[in-house]
1. For region 115-127, give me each residue that is at pLDDT 95 or above and of a type outside the set (A, V, I, L, M).
2. Residue by residue through region 36-57, note down the ones that are surrounded by fewer than 19 Cβ atoms within 10 Å (Cβ to Cβ) and acidic (Asp, Glu).
3. Kindly indicate which of ALA218, ALA130 is at pLDDT below 95, crowded, with 18+ Cβ neighbours inside 10 Å and under 15 Å from the mean Cα position of the chain (by Cα).
4. If only one of LEU126, LEU76 is closer than 16 Å to ILE43 by Cα, in a loop (DSSP other than H, G, I, E, B) and either in contact with a His (Cβ under 8 Å, 6 or more places away or on another chain) or not charged (D, E, K, R) (or both), which one is it?
5. Filter region 104-127 for residues that are buried (at least 22 other Cβ atoms within 10 Å of the Cβ) and of a type in the set (A, V, I, L, M, F, W, C); which is nearest to GLU60 (Cα to Cα)?
6. Within region 137-165, restricting attention to residues that are of a type in the set (A, V, I, L, M, F, W, C), touching a residue at least 40 places away in the same chain (Cβ under 8 Å) and not in a helix (DSSP H, G or I), which residue is surrounded by the fewest Cβ atoms within 10 Å (Cβ to Cβ)?
7. Please find, within region 166-183, the residue that is surrounded by the fewest Cβ atoms within 10 Å (Cβ to Cβ) out of those that are touching a residue at least 40 places away in the same chain (Cβ under 8 Å) and in a helix (DSSP H, G or I).
Amino acid sequence: MVYVARDIGDDALATGQTEYNVRAMETETIEAPETRQEPSIMIVSDFVCPWCYIGLMEIEKLSQEYDFEVKLAPYLLRPETPPEGITPRHVVPEGAPPTATEERAEKLGIKFTRGRKWSSNSHLALQASAFAYDYGDQWRFHRAMFKAYFEDLADIGQIDTVVTVGESIGMDASALRQALEEGRYREHVDEGIAWTRGIGVTAIPTFIINQEYGLVGAQEIEAFRSVMEKIGQPPKA
């Protein structure tokens, strides 16, 4: 079973289409590469999506087996969330049995902490991701931000939290804060979100592989291996 998150609520988890051909989508933005290059995997995700955290870690596992470039694209799972955040629609009780999300996460070394009292607006964190692309380490930033939200229960809608997460991986805290306060990456993130929706992304995580194949949902590593075989990418020696 493949789980995806759709922009209809905190626990909007549903089975979804698992593979599609990107070239069949209603867009002229993505085209199949004409020459052989290092494969790429674009991850479309949002920091408040638990399955996106899981998907990120599956790609990290895949990187131990294959060479490829990772690209990270923004998506706003809950655009209706106000800047100050919102009360969660559902919270798993402390004594409840492990959920499917928690069980899957545990296998990847993720500990989803219970007791969340606030759902954050992730737009500032997405802006900081764009900053990390320019001035830091975007992959490490994504890992740290997901951990802050899901394991530390941090409010990533607050600029102080976002700056602290960036600083924790060696980013320039003052420069990051200034960029966020000025809204330097706000339009860039909005354009990225519009682009992902424009190419047909309606659920996350979505993985666009080698600009040719797409996988939707928190796939397990076998699905990615299958696509790597389809595009002719051999495992590392």
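The values are calculated or read from the model by the stated rules, or taken from the named source; none is laboratory data. Only a predicted model underlies this, so the values are computations on that prediction, with no experimental measurement involved. Reconstructed Cβ throughout: ideal geometry from the backbone, glycine too, with neighbour counts over all protein chains shown.
1. SER119, SER120, ASN121, SER122, HIS123, GLN127
2. GLU38
3. ALA218
4. It is LEU76.
5. ALA105
6. Looking at residues that are of a type in the set (A, V, I, L, M, F, W, C), touching a residue at least 40 places away in the same chain (Cβ under 8 Å) and not in a helix (DSSP H, G or I), I get LEU153.
7. It comes out as ALA175.
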